[in-house]
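Written below as structure tokens is the structure these notes are about.
Values quoted throughout were computed directly from the atomic coordinates according to the rules given, and no laboratory measurement underlies them. Since we're looking at a predicted model, the values are computed, not measured. Glycine also receives a Cβ, built like all others from the backbone with ideal geometry; neighbour counts cover every protein chain displayed.
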Amino acid sequence: MRASDRAEEILEQLWILTKEQNKDSVTVEDLSIDRADPELNELAELRYIKLLGDRIELTSKGLKEAEAAIRRHRLAERLVMDVFDLKRSLMEEKACQFEHLLRKEVEESICTLLGHPKVCPHKRPIPPGKCCVKAMKHPKSIVSSLAEMEGGEKVAVAYLVTKDNRKLQKLMSMGILPGVKIDIIQTFPSYVFKIGHSVVAVDRAMAEDVFVRRLK
Amino acid sequence: MTVNLSRKRPQCHSTADMEIDARRSVVLVGSPNVGKSVVFGNLTGMYVTVSNYPGTTVEITRGRLADDSRAVAITDTPGMYSLLSITEEERVARRVLMENRPDMVVHVADTKNIERMLHLTVQLLEAGMPLVLDLNLMDEAERLGMRVDTKVLKERLGIPVVATVATKGMGMDELKKMILKEDILPSGPPLRYPETIENAIADIAKNLDSSYGISKRAVALLLLQDDHEIWQMVRDREPERYALVDAIVKHARERFADPLNYIITIERQRFINTLIEDAMDNDQVKGIPFRERLSRLSMHPVAGVPIFLGIIYLLYEFVGVFGAQTAVDFLEETVFGQYINPVANRIVSSIIPWKVLQDLFVNEYGIITLGIRYAIAIILPIVTTFFIAFSIIEDTGYLPRLAMLIDRVFKKIGLNGRAVIPVVLGFGCDTMATMVTRTLETRRERVIATLLLALAIPCSAQMGVILALLSGSTKALGIFVMVMGTVFLFVGFLAARLMPGERPLFYMEVPPLRWPKLSNVLTKTYTRVEWYFKEVLPLFILASILIWAGRITGLFDLVIKVLSYPTGWIGLPPEASKAFLYGFFRRDFGAAGLYDLKTSGALSGVPLVVSIITIALFMPCIAQFSMTIKERGWKMAVGMAAFIFPFAFVVGYLVNLILNGLGVVL
């Protein structure tokens, strides 16, 4: 039995509040929903949440389910951004529609297609799935970090991780930008690659922030 | 990193007091290693250190246009990739643009990387600069099969564009003509950003009252891109409107998931791509050219090692054998030993009757017979050969390759590959190298590099004497290299653990391998040797005077006596303490003192190696110490000295213990 779309969104919100914002207790007000919402009952019946007056608590079962929903949501955002290349304004809306379509099997293949991304376009972490754990051992997806590439490969930059401004600016100043083609010359002792007509050397910490798509 | 040998440091207001009286001012800007300095040299006829290494110009250089009728002042700036500054060099360059109000800005660009270069062109246009685009290194681009249509660029960007090969002087006349004739009006911003950003730019611009030397659009963009220096400036200059500006930026930021810096850069990239599509043709060049193959070999983790060792070997043959032995022997024994010293002794003793005063100038420790003899006969040939070799290595573009090979090792000692430049330069002159640590990114890296230079990198003057001392015993040389290497890594490792701070990041452009130009190598060597002598010769003379004063007052005998205790602990004869005392003045002085002891037979075998190691670990010389004070401050310099001298003796003690324990016979 699965929760309805609306109930799933409530689960996600709950998860963000408790897990990412570390709130001790969440009330119906925090979620800006009504105590009488049918979705709350639905979630309670599924044993995903416990209702203690106005306070709502995730059960361990609900926690798992919520994490999976978050994962689907953020993967959907990445999919819409990276693959469909939609404008940001459209992204939110489309991603919301997609996330509910991502079922278990599809979710894993989408995740693999995207290269097991670690963050969503808003830079919030995507909880890793089984496929991500497996992929750590065999990194051979279409989009993955430059740090996982081998010498001789030809790739195009898909996106940069933009969390660390210091790194971002350095990468961009060397011309590493989405769409740019890169020929990887070697990866040890440093990452050396050709970009346009210049050769650039970076360390692993820098290479990790560049996500690329294999060409050919 | 090459050293710019003028003593001026980049400062906020350094541009104003260096003002050259001129009616027209032209500023050269561009990313590192695109040939700005060569263009500058061509225009002014002045020499700036030019090398095949990104980031050669650390400071601002000014000159006047050669055969100048309109009084044009030309300013060369440090390399900048973007108006948004991350390095000290970029900040200095931007300040020149903001404070100088140039009549013309020449953007010198590397044609073969035009896509990357145009980002700065776009930003300079946005900043409202009267701009000329100089597509330099055109020959390298053509060799790669690129053809650029300057007309298209000219029309679409609305600015004059000139193609040049500065190293061969091609196109320079055209550029000169433009500088003399054209009055350039700033052309408008070349592209529009997404609506949200454009609105924010307009709102911010409305709220900026003060003048910044660049257009308000550019200031607004830099604020949106979160440039700290510009934020600070706005905070200071717009106290009333600051909060409003801050709110506008925050609002714009919230509309995007990624940093605005990223969004803005990607928009520029989009604009540049369409421009390039129309302005450039690419003929595919088949295969990997030989130059490229060689370049890859030099960076290969396996093949790179023998190449590196080969270079070290050639360096040793040229500096260690030819410079430090052949040339030194000739100057020392023939020129000074047979001619100058005897003549000087005779003349001085005939003019000055008092032995005490004679000793000041001649005899064992006199200014002429010791100070000047050391400087000319020992130091000059070694330093000159080293700088020749270093300039050649630098101009070929090998240093960034070495940096990338060694980065992993350097990370362990808290540095990154870039620090290879000061370290290698340290083998020539630690004083110069200490100055160059300025270009390292974080304070932590600068401190660690300074410490390691002072402790474990023997300079060429000292190496020369050490190599002469150890000549004949490969085993002894091997032990010396091993101990110094271990100390370098061990102390670096400890320092990195003890000093918290950001992990260094390594990123570097690797320039193509190029043939060094003889004239460039010679000029560069000359400038460096000249600098070296200006710094060092007075200190040699001062050291001679101090030694003379110390001897006649008996102070030295006292110090030597005190020093003979630690000297004894590390298993050395008491005579060696004299060499150590002189080693406080200059490491190579001390090493040369050991040389005399060796020739007289008082020192050999294990004690010789122990004393060489001890003295090599000392702080190099007074000049290096004063440079450390200048760059790192009093406290740091004294702290380092307080660590280094006792530490040198401890290492000497341990080496003595281990070698004797193992029963090593040398």
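Restricting attention to region A:190-206 and to residues that are facing chain B (nearest Cβ under 7 Å) and part of a strand (DSSP E or B), the residue that is surrounded by the fewest Cβ atoms within 10 Å (Cβ to Cβ) turns out to be A:SER198. When A:LEU102, A:LEU177 are checked against the criterion of being surrounded by 15 or more Cβ atoms within 10 Å (Cβ to Cβ), under 30 Å from B:ARG255 (Cβ atoms) and within 9 Å of chain B (Cβ to nearest Cβ), a single residue qualifies: A:LEU177.
Pick from A:ASP183, A:ASP209: which is closer than 25 Å to B:ARG147 by Cβ, more than 7 Å from chain B (Cβ to nearest Cβ) and not aliphatic (A, V, I, L, M)? Unique residue meeting the criteria: A:ASP183. If you go through region A:178-206 and keep only what is among the hydrophobic types (A, V, I, L, M, F, W, C) and farther than 17 Å from B:ARG418 by Cα, you end up with A:VAL180, A:ILE182, A:ILE184, A:ILE185, A:PHE193, A:ILE195.
Per-residue answers, yes or no, for (1) touching a strand residue (DSSP E or B) at 6+ places or on another chain (Cβ under 8 Å); (2) within 24 Å of A:GLU148 (Cβ to Cβ); (3) not small (Gly, Ala, Ser):
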| residue | (1), (2), (3) |
| --- | --- |
| A:SER60 | no, no, no |
| A:ALA69 | no, no, no |
| A:ALA76 | no, yes, no |
| A:SER109 | no, yes, no |
| A:THR112 | no, yes, yes |
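Does B:ASN660 count as of a type in the set (S, T, N, Q), in contact with a Pro (Cβ under 9 Å, 6 or more places away or on another chain) and part of a helix (DSSP H, G or I)? Answer is no for this residue. Candidates B:VAL487, B:VAL521: the one that is touching a residue at least 24 places away in the same chain (Cβ under 8 Å), surrounded by 19 or more Cβ atoms within 10 Å (Cβ to Cβ) and farther than 18 Å from B:MET46 by Cα is B:VAL487. For region B:594-629, the tally of residues that are surrounded by fewer than 20 Cβ atoms within 10 Å (Cβ to Cβ) and of a type in the set (S, T, N, Q) stands at 4. The condition (being at the interface with chain A (Cβ under 10 Å from one of its Cβ atoms) and assigned to a helix (DSSP H, G or I)) is satisfied by just one residue among B:LEU120, B:LEU97, B:LEU125: B:LEU120. B:ARG514 meets each of the listed conditions (1) among the charged types (D, E, K, R); (2) touching a strand residue (DSSP E or B) at 6+ places or on another chain (Cβ under 7 Å); (3) assigned to a loop (DSSP other than H, G, I, E, B) apart from (2). The residues of region B:134-175 that are in a strand (DSSP E or B), of a type in the set (Val, Ile, Thr) and more than 14 Å from chain A (Cβ to nearest Cβ), listed by number, are B:VAL161, B:VAL162, B:VAL165. Where helices (runs of 4 or more DSSP H) fall wholly inside region B:345-456, the ranges with 1 or more residues that are farther than 20 Å from B:ILE312 by Cα and in contact with a helix residue (DSSP H, G or I) (Cβ under 9 Å, 6 or more places away or on another chain) are B:355-361, B:380-396, B:398-412, B:430-436, B:443-456. Can you name every residue in region B:630-657 that is loosely packed, with under 14 Cβ neighbours inside 10 Å and among the hydrophobic types (A, V, I, L, M, F, W, C)? Hits for region B:630-657 are B:TRP634, B:VAL638, B:ALA642, B:LEU657.
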